[in-house]
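Step one of this worksheet: look at the structure below.
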Amino acid sequence: MALDVLMVCPYDVAVPGGVQNQAMAMSRELVRRGYRVGLFSPGHQVDEALVSEGIDHLVAGTVRSVAANGSNAPITLSYGQVRAASRRIDLAANAVIHIHEPIAPVMAWPLLARHQRATVATLHRSGVDRAYRVAGSVLQRRLARLDAVCSVSEAARRTGQAAMGLESQVLFNGVDLHGIDVANAWTKTGPTVMFVGRDEPRKGRDVLLEAATLLPHTVTLWVTGHAPEGFESRGARVEFLGVIDEAEKASRLRAADVLCAPSLGGESFGIVLIEGLAASCAVVASDIDGYRQALSGHGVLVPPSNPQVLAEALSLALRPDSVSREAGKTYAASWSVANLVTSYEAVYETARSRFHHRVTA
């Protein structure tokens, strides 16, 4: 089958993450619109759920967890395997390659080098470190040949400009609202705050756990990941959920009163904030660039790394009349992945035109 769109994700889609969720959500929406879609990502295990939804999931390269931007990225460094796999991908003559995070090792690098189809890139990252700047410099000539570049936020646009010299169109992170709309609310026992994020310092989970000691025992915290060694629950009751799938996340969000995102920085947007609003949660988040843009006044922003202020904000947000939840839900609808894909369809047409002009020239 010749693909119409090849979505390239540098991170293993079996590991939860914003970039992975975006690539998968866009792939699903494109399939719903009749496109033949392939999703190219690291790993050796094809996601059968994606295949059952009509997405041709293509995998290559051994996955490694590499520290980057205060997080651990599940990438592959197996350039030879990726290059060999990319050469076997069957693309239609008018196909578009859509690369998420083009300088993240190494899924996109062979495709950037060959540039045999119209190529679009989406920038997700916020913040430039030395490794990112070096990678941008090394790949700059290949990146300059991209036919269209978009960013998920103003913070990501500035990062791409600083690290790679790329100018980009700012769009947004789309939310696949269908799963939230059809989810049944999880059973709860009282006022509930939910944290969704990887178990790593940048996400600010430790700040929330400290704030929990200042909340009453009638409050429950649902926290993804595992309990820290020696953790003792004081104040609010903390339930550690481990790794949850999208269905459980949607169900728990529908039940939670508040979504808390206490990240310390490095977030270019914060798609989980929109998911929380779509599920009618009140949202309390750190006052950082990406989160400020995502909420646009539809949540409470607090200084990062301040457990006391965070606890006070959570207490206020747990009041039934604290925010207009319907207003937040209406706002979240404007960030739907359907709206995002409509925008990208226009970007794809622009990329095809530029590629054709480049080839004929």
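The values are calculated or read from the model by the stated rules, or taken from the named source; none is laboratory data. Only a predicted model underlies this, so the values are computations on that prediction, with no experimental measurement involved. As a convention, Cβ positions derive from the backbone with ideal geometry for all residues, glycine included, and neighbour counts pool all protein chains shown.
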Name the single residue, out of those in region 40-69 being in contact (Cβ under 8 Å) with a residue 60 or more places away in the chain and assigned to a loop (DSSP other than H, G, I, E, B), that is nearest to the chain's Cα centre (by Cα). 69
Within region 170-183, is there a residue that is surrounded by fewer than 16 Cβ atoms within 10 Å (Cβ to Cβ), of a type outside the set (Ser, Thr, Tyr), touching a strand residue (DSSP E or B) at 6+ places or on another chain (Cβ under 7 Å) and at pLDDT 90 or above? yes
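Suppose the filter is of a type in the set (A, V, I, L, M, F, W, C) and either surrounded by fewer than 18 Cβ atoms within 10 Å (Cβ to Cβ) or in the same structural domain as residue 73 (by TED's automatic domain parsing) (or both); does residue 243 pass it? Before the answer, list the steps.
Numbers: of a type in the set (A, V, I, L, M, F, W, C): yes; either surrounded by fewer than 18 Cβ atoms within 10 Å (Cβ to Cβ) or in the same structural domain as residue 73 (by TED's automatic domain parsing) (or both): yes.
So residue 243 fits the description; yes.
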Of all residues in region 156-169, which are surrounded by 21 or more Cβ atoms within 10 Å (Cβ to Cβ) and among the aliphatic types (A, V, I, L, M)? 156, 163, 164, 166
Hey, among 277, 253, which residue is at negative phi and touching a Cys at 6+ places or on another chain (Cβ under 9 Å)? 253
Need the failing condition index for residue 34 against (1) over 24 Å from residue 248 (Cα atoms); (2) surrounded by 20 or more Cβ atoms within 10 Å (Cβ to Cβ), just the number. (2)
Looking at this structure, is residue 293 under 22 Å from residue 177 (Cα atoms) and in contact (Cβ under 8 Å) with a residue 40 or more places away in the chain? yes
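Look through 209, 214, 221, 146 and report the one residue that is more than 16 Å from residue 249 (Cβ to Cβ), in contact with a strand residue (DSSP E or B) (Cβ under 6 Å, 6 or more places away or on another chain) and not polar (S, T, N, Q).
Going through 209, 214, 221, 146 in turn, the sole match is 146.
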Just to verify a result, which residue in region 184-207, among those that are surrounded by 18 or more Cβ atoms within 10 Å (Cβ to Cβ) and small (Gly, Ala, Ser), is nearest to residue 130 (Cα to Cα)? 204
The one condition in (1) assigned to a strand (DSSP E or B); (2) surrounded by fewer than 19 Cβ atoms within 10 Å (Cβ to Cβ) that residue 81 fails to fulfil: (1)
Among 51, 59, 5, the single one that is surrounded by fewer than 19 Cβ atoms within 10 Å (Cβ to Cβ), among the hydrophobic types (A, V, I, L, M, F, W, C) and closer than 26 Å to residue 337 by Cα is 51
Counting only residues in region 319-354 that are out of contact with any helix residue (DSSP H, G or I) (no Cβ under 9 Å at 6 or more places or on another chain) and farther than 28 Å from residue 21 by Cα, the one surrounded by the fewest Cβ atoms within 10 Å (Cβ to Cβ) is identified as 321
Give me the pairs, please: first residue somewhere in region 342-359 and on the phi < 0 side of the Ramachandran plot, second residue anywhere and part of a helix (DSSP H, G or I), beta-carbon distance under 8 Å, and either six or more positions apart or on two chains. 344/26
Flagged in region 148-176 as part of a loop (DSSP other than H, G, I, E, B), small (Gly, Ala, Ser), more than 9 Å from residue 123 (Cα to Cα) and free of Cβ contacts under 8 Å to residues at least 60 places away in the same chain, in numbering order, are 165
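Residues checked against (1) outside the structural domain of residue 22 (by TED's automatic domain parsing); (2) in contact with a His (Cβ under 9 Å, 6 or more places away or on another chain); (3) in contact (Cβ under 8 Å) with a residue 24 or more places away in the chain; (4) basic (Lys, Arg):
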site: 193; (1), (2), (3), (4): yes, no, yes, no
site: 205; (1), (2), (3), (4): yes, no, yes, yes
site: 227; (1), (2), (3), (4): yes, no, no, no
site: 249; (1), (2), (3), (4): yes, no, yes, yes
site: 253; (1), (2), (3), (4): yes, no, yes, no
